[in-house]
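S.K.: Structure in structure tokens, see below.
The values are calculated or read from the model by the stated rules, or taken from the named source; none is laboratory data. Since this is a predicted model, take the numbers as computed values, not measurements. Counting neighbours? That spans all protein chains shown, and the Cβs are built from the backbone with ideal geometry, glycine included.
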Amino acid sequence: MQKPLISILTPCKNAANFLPECLESIQKQSYTNWELLIIDDGSTDESYQIIQDFAQQDKRIKLFKNKGNGIIEALRFAFSKSSGAYITRMDSDDIMSQNKLDVLLSKLLFNGKNHIATGLVSYFSEEGISDGYKSYETWLNQLTRNGTNYSEIYKECVIPSPCWMIHKDDLLACDAFNPDDYPEDYDLTFRFYKHQLKVIPCNQVIHFWRDYSTRTSRTHKHYAQNYFLEIKLKYFLEIDYNTSRPLVVWGAGFKGKSIAKLLIEKRVDFIWICNNQKKIGKHIYNHELFDVTSLNDIKQAQCVITVANKESKHNIKTFLKSHNKRAMEDYFFFC
């Protein structure tokens, strides 16, 4: 019986320093029935020539130039050229563990369609990993171990962009790479959530995620935090917001004000609360801010929480749980 073909989609731009290590890690996979669709997105370094050299030696590697511009159009183009029943992504500066494709495919074959397979990730860098990225790695991996990724989807992207695999039919059902919304990985993750694809738990590190100062997620405007807030609110209103219940925004810092402004623009009514005594009773954007204790008088409220301080978040969780409020039904942490 022939093994299923896996299509690996890889956008590439100016990754010459990292490409050989990346491509070699793909060639060394224990699972061998794969094709790599790698799209050069206007590189100005030696990336194209490096890939071309590999492709001449390995017919599974298929190199194209992006007909459009940017990572979404590169992914869209790669997907259009794919032939595999299973689809995965890879970043041109990262490294696969030798069993990555085996692990992901085995989980999908066992669980069937309507599932997404992912695995643990490990950041690495010549300059060392910052506390922020290490914290993100720990948080992300804990969710993946339990398959509870969606439970904190409004905080950060809960499925790492270069470390998932899905049946092509399920990806098509989620509209694949057609939306032009950035950040594209977070948008796709929300669509996995919207279509209720189940995340398969995994406790193996299968992807090594390279960090460096010029990485796209560090430098491109599409990955700025204000874009994250817009995409979070967009999908909250679409998926989890119950229009028959009062909506409460908790917090009046930068993120709270950003969410409030977006809600006003969308003409969505809300009640605004905070624990900053200097702001309580004042009006921002013509909305009065109330003390958090007023939440006790609001029946069936849904709370969007924009407070970032760790201690404050802990206290808010304790308060909400003591009032029998349920995460992802009654309250949603946006940071």
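Residue-by-condition table, conditions (1) touching a Pro at 6+ places or on another chain (Cβ under 7 Å); (2) small (Gly, Ala, Ser); (3) not assigned by TED's automatic domain parsing to the domain that holds residue 27:
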| position | (1), (2), (3) |
| --- | --- |
| 38 | no, no, no |
| 47 | no, yes, no |
| 58 | no, no, no |
| 65 | no, no, no |
| 72 | no, no, no |
| 89 | yes, no, no |
| 98 | no, no, no |
| 104 | no, no, no |
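S.K.: From 273, 305, 264, 284, which residue is in contact with a Ser or Thr (Cβ under 9 Å, 6 or more places away or on another chain) and either among the hydroxyl-bearing types (Ser, Thr, Tyr) or not assigned by TED's automatic domain parsing to the domain that holds residue 72 (or both)?
M.R.: Values: 305 fails: in contact with a Ser or Thr (Cβ under 9 Å, 6 or more places away or on another chain); 264 fails: in contact with a Ser or Thr (Cβ under 9 Å, 6 or more places away or on another chain); 284 fails: in contact with a Ser or Thr (Cβ under 9 Å, 6 or more places away or on another chain).
After applying the criteria, what remains is 273.
S.K.: Hey, another quick one. Could you list, ordered by first residue, the pairs with Cβ atoms under 6 Å in which the first is in the stretch 228-240 and farther than 11 Å from residue 255 by Cα and the second is basic (Lys, Arg) and part of a helix (DSSP H, G or I), at least 6 apart or interchain?
M.R.: From the stretch 228-240, the pairs are 239/194.
S.K.: What are the residues in the stretch 160-208 that are within 16 Å of residue 235 (Cα to Cα) and touching a strand residue (DSSP E or B) at 6+ places or on another chain (Cβ under 7 Å), if any?
M.R.: If we filter the stretch 160-208 for residues that are within 16 Å of residue 235 (Cα to Cα), which is where we start, we get 174-175, 179-197.
Answer for the stretch 160-208, where residues must be within 16 Å of residue 235 (Cα to Cα) and touching a strand residue (DSSP E or B) at 6+ places or on another chain (Cβ under 7 Å): 192, 197.
S.K.: In the stretch 60-109, how many residues are touching a Ser or Thr at 6+ places or on another chain (Cβ under 8 Å), under 16 Å from residue 178 (Cβ atoms) and of a type in the set (Val, Ile, Thr)?
M.R.: 2
S.K.: Here's another thing I want to ask about it. Name the single residue that is surrounded by the fewest Cβ atoms within 10 Å (Cβ to Cβ) among those in the stretch 59-82 being touching a helix residue (DSSP H, G or I) at 6+ places or on another chain (Cβ under 6 Å) and closer than 14 Å to residue 36 by Cα.
M.R.: Looking at residues that are touching a helix residue (DSSP H, G or I) at 6+ places or on another chain (Cβ under 6 Å) and closer than 14 Å to residue 36 by Cα, I get 63.
S.K.: Something else about it: Give just the number: which of (1) part of a loop (DSSP other than H, G, I, E, B); (2) surrounded by 13 or more Cβ atoms within 10 Å (Cβ to Cβ) does residue 127 not satisfy?
M.R.: Unmet for residue 127, out of (1) part of a loop (DSSP other than H, G, I, E, B); (2) surrounded by 13 or more Cβ atoms within 10 Å (Cβ to Cβ): (2).
S.K.: Please tell me if residue 211 is modelled with pLDDT under 95 and in contact with a strand residue (DSSP E or B) (Cβ under 9 Å, 6 or more places away or on another chain). Working first, answer last.
M.R.: On the way: modelled with pLDDT under 95: yes; in contact with a strand residue (DSSP E or B) (Cβ under 9 Å, 6 or more places away or on another chain): yes.
Considered against the rule, which asks whether it is modelled with pLDDT under 95 and in contact with a strand residue (DSSP E or B) (Cβ under 9 Å, 6 or more places away or on another chain), residue 211 comes out as yes.
S.K.: With the requirement that a residue be touching a residue at least 12 places away in the same chain (Cβ under 8 Å) and either hydrophobic (A, V, I, L, M, F, W, C) or not in a strand (DSSP E or B) (or both), what does the stretch 1-16 give you?
M.R.: Here is the first cut: in the stretch 1-16, the ones touching a residue at least 12 places away in the same chain (Cβ under 8 Å) are 2-16.
If the condition is that a residue be touching a residue at least 12 places away in the same chain (Cβ under 8 Å) and either hydrophobic (A, V, I, L, M, F, W, C) or not in a strand (DSSP E or B) (or both), then 2, 3, 4, 5, 6, 8, 9, 12, 13, 14, 15, 16 are the ones that fit.
S.K.: Among (1) modelled with pLDDT of 95 or more; (2) over 12 Å from residue 200 (Cβ atoms); (3) within 18 Å of the chain's Cα centre (by Cα); (4) part of a helix (DSSP H, G or I), which single condition is residue 144 missing?
M.R.: Going through the list (1) modelled with pLDDT of 95 or more; (2) over 12 Å from residue 200 (Cβ atoms); (3) within 18 Å of the chain's Cα centre (by Cα); (4) part of a helix (DSSP H, G or I), residue 144 breaks only (2).
S.K.: Inside the stretch 246-290, can you point out the residues that are surrounded by fewer than 13 Cβ atoms within 10 Å (Cβ to Cβ) and assigned to a loop (DSSP other than H, G, I, E, B)?
M.R.: Correct list: 266, 267, 269, 277, 278, 281, 282, 285, 286.
S.K.: So which strands (runs of 3 or more DSSP E) are wholly in the stretch 20-114 and hold at least 3 residues that are hydroxyl-bearing (Ser, Thr, Tyr) and free of Cβ contacts under 8 Å to residues at least 60 places away in the same chain? Working first, answer last.
M.R.: Details: elements: 34-40, 61-65, 86-89.
Of the strands (runs of 3 or more DSSP E) lying wholly inside the stretch 20-114, none has at least 3 residues that are hydroxyl-bearing (Ser, Thr, Tyr) and free of Cβ contacts under 8 Å to residues at least 60 places away in the same chain.
S.K.: Can you tell which of 243, 306 is loosely packed, with under 14 Cβ neighbours inside 10 Å and without any contact (Cβ under 8 Å) to a residue 60 or more places away in the chain? Even if it seems obvious, please write down each step before you answer.
M.R.: Values: 306 fails: loosely packed, with under 14 Cβ neighbours inside 10 Å.
Answer to the check: 243.
Results for (1) surrounded by fewer than 19 Cβ atoms within 10 Å (Cβ to Cβ); (2) charged (D, E, K, R); (3) modelled with pLDDT of 95 or more; (4) more than 18 Å from the chain's Cα centre (by Cα), shown as yes or no for each residue.
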site	(1), (2), (3), (4)
101	no, no, yes, yes
110	yes, no, yes, yes
121	no, no, yes, no
140	no, no, yes, no
159	no, no, yes, no
162	no, no, yes, no
171	no, no, yes, no
174	no, no, yes, no
